[in-house]
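Since the structure comes first, as structure tokens, the remarks are kept for the end.
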Amino acid sequence: MGIYWSLDQRPTVNPRALIFDMDGVIVNSEPLHESAKRGALRSAGIEVGESDFAQYTGRSDRAMITDFATLTPDEHIDAAVQTLLRTSQGEFPVVDADHRLVGLLGRGQIIRALKELGPDAKVGQAMVTEIPTIESRRRLDEAFRLLQEKSAPAVGVVDAAGRLTGLVTSETIGRMLLVKDALPKGGRLGPWSRPAGA
């Protein structure tokens, strides 16, 4: 027995039909998603052509940062400050002993924690804990959607065991699109290529 809400919001029992996962089967919302993504990128000063989304509607691991410093919840803020000073990162994933993402600590949060909590405070006291994750083989547009819907600074990319393998940010997506756009027609660089006719 199921419960179904019709358009007039009256629940009924024993529906005649249920539709699951209709997106891509009955309804194609991809053009709507593409338009929203372009608008978000445009607001960041990045213009995206038609072929860009077709080329990069792919795996999230194509636009992730893979070389990054991590912190642990038990480290002190002074260690986070040292990590901030020795890297060019703005966002630091906080991982547990099994390398699973448990939070994120940004540059501004490090400075605020240093001021308000002091250098001996724990990273776990200052980190943001609601960071979405996505498996590395998932579509890049899903990572982008999570960035927007959750207003998250990053999406953690994880392997099948849930261990952090990378981060996707609006900045990395923008960089990927800029690199792809700079490639000569028919050119290839790593996982990115530009079709000969584009």
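Name every residue in the stretch 132-162 that is over 17 Å from G106 (Cα atoms) and among the basic types (K, R), in order of residue number.
Listed by number, the residues that qualify are R137, R138, R139, R145.
Out of the residues in the stretch 95-117 that are in contact (Cβ under 8 Å) with a residue 40 or more places away in the chain and surrounded by 19 or more Cβ atoms within 10 Å (Cβ to Cβ), which is nearest to D78 (Cα to Cα)? Quick ask: steps written out before the conclusion?
The first filter runs over the stretch 95-117 and keeps only residues in contact (Cβ under 8 Å) with a residue 40 or more places away in the chain, leaving 95, 98-101, 104, 106, 117.
This time we only want the ones that are surrounded by 19 or more Cβ atoms within 10 Å (Cβ to Cβ), so: 101, 104.
Values: L101: 21, L104: 16 Å.
Among them, the one singled out is L104.
Say we look at the stretch 63-79 and pick out the residues that are of a type in the set (S, T, Y) and modelled with pLDDT of 90 or more; which of these is nearest to R137 (Cα to Cα)? Walk me through it before giving the result.
Of all residues in the stretch 63-79, those of a type in the set (S, T, Y) come to 66, 70, 72.
With the extra rule that they be modelled with pLDDT of 90 or more, the set shrinks to 70, 72.
Values: T70: 22, T72: 26 Å.
Here the answer is T70.
Identify the single condition in (1) aliphatic (A, V, I, L, M); (2) more than 24 Å from G156 (Cα to Cα); (3) modelled with pLDDT of 65 or more that A40 does not satisfy, given that it satisfies every other one.
With (1) aliphatic (A, V, I, L, M); (2) more than 24 Å from G156 (Cα to Cα); (3) modelled with pLDDT of 65 or more applied to A40, the lone miss is (2).
I'd like to check something: does the stretch 157-173 contain any residue that is in contact with a His (Cβ under 6 Å, 6 or more places away or on another chain), among the basic types (K, R) and not in a strand (DSSP E or B)?
If we filter the stretch 157-173 for residues that are in contact with a His (Cβ under 6 Å, 6 or more places away or on another chain), which is where we start, we get 163-164.
Now drop any that are not among the basic types (K, R), which leaves 163.
Right, trim to not in a strand (DSSP E or B) and you get 163.
Within the stretch 157-173, one or more residues are in contact with a His (Cβ under 6 Å, 6 or more places away or on another chain), among the basic types (K, R) and not in a strand (DSSP E or B).
Table: residues versus (1) modelled with pLDDT of 90 or more; (2) within 13 Å of the chain's Cα centre (by Cα).
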site: E47; (1), (2): no, no
site: V81; (1), (2): yes, no
site: A97; (1), (2): yes, no
site: L117; (1), (2): yes, no
site: F144; (1), (2): no, yes
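Can you tell me which residue within the stretch 118-155, out of those that are out of contact with any Pro (no Cβ under 8 Å at 6 or more places or on another chain) and assigned to a strand (DSSP E or B), is surrounded by the most Cβ atoms within 10 Å (Cβ to Cβ)?
The residue in question is I134.
Give the residue, chosen from S170, S136, S151, that is without any contact (Cβ under 8 Å) to a residue 40 or more places away in the chain and either over 23 Å from I77 (Cα atoms) or not polar (S, T, N, Q) (or both).
Numbers: S170 fails: without any contact (Cβ under 8 Å) to a residue 40 or more places away in the chain; S136 fails: without any contact (Cβ under 8 Å) to a residue 40 or more places away in the chain.
Being without any contact (Cβ under 8 Å) to a residue 40 or more places away in the chain and either over 23 Å from I77 (Cα atoms) or not polar (S, T, N, Q) (or both) holds for just one of S170, S136, S151, which is S151.
Out of all the residues in the stretch 4-19, is one or more out of contact with any Gly (no Cβ under 9 Å at 6 or more places or on another chain), at pLDDT below 75, surrounded by 13 or more Cβ atoms within 10 Å (Cβ to Cβ) and outside any loop (DSSP other than H, G, I, E, B)?
The answer is yes, given that some residue of the stretch 4-19 is out of contact with any Gly (no Cβ under 9 Å at 6 or more places or on another chain), at pLDDT below 75, surrounded by 13 or more Cβ atoms within 10 Å (Cβ to Cβ) and outside any loop (DSSP other than H, G, I, E, B).
Pull up the stretch 119-133, narrow it to residues that are within 13 Å of E75 (Cα to Cα) and not aliphatic (A, V, I, L, M), then point me to the one that is nearest to the chain's Cα centre (by Cα). Don't jump to the end; show me each part of the working.
Of the residues in the stretch 119-133, the ones within 13 Å of E75 (Cα to Cα) are 119-127.
If we keep only those that are not aliphatic (A, V, I, L, M) too, we end up with 119-120, 122, 124-125.
On the way: P119: 30, D120: 30, K122: 25, G124: 21, Q125: 23 Å.
Residue satisfying both the conditions and the ranking: G124.
The values are calculated or read from the model by the stated rules, or taken from the named source; none is laboratory data. Predicted, not measured: the structure shown is a model, and the values here were computed from it. So basically every Cβ, Gly included, is an ideal-geometry build from the backbone, and we count neighbours across all protein chains shown.
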